[in-house]
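Working notes for the structure below.
Throughout, read-outs are computed from the coordinates displayed, never taken from laboratory work. Bear in mind that the values here come from a model prediction, so they are computed numbers and not experimental data. Neighbour counts run over all protein chains shown; Cβ positions are idealised from the backbone, glycine included.
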Amino acid sequence: MPIDWASVNWLNVGLLSAFTFLAALIGNILSFRSRWGAAILTALLFAAIYIFWTYYPHGMGQIPPVKSG
């Protein structure tokens with residue numbers, strides 16, 4: 001089953017990639033070279049950023065839910 005590249009929401013892909021990059025950057029800076037600590041901190045930071053962006057009423061737009069099937 002090939003991917004229909006025209007149906008990909010590139011804005012969401014870019015936004016979530018930026019969130020992931022930011023969380024990874026901060027997690028690695030704060031982890032003091034601990035790989036496990038960085039991974040855990042990055043996951044927590046990404047979750048916090050995602051929840052803030054999706055559920056906080058800031059009026060900057062929302063990431064639409066993922067459509068299945």
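Here residue 36 and residue 11 are evaluated by their C-beta separation; at R0 = 22 Å the FRET efficiency comes out at 0.10.
Once C-alpha pairs closer than 8 Å and six or more residues apart are averaged by separation and normalised to the residue number of the stretch 9-55, the relative contact order reads 36 percent.
Label separation (residue 52 vs residue 20): 2.0 nm, computed from points 7 Å beyond Cα along the C-beta direction.
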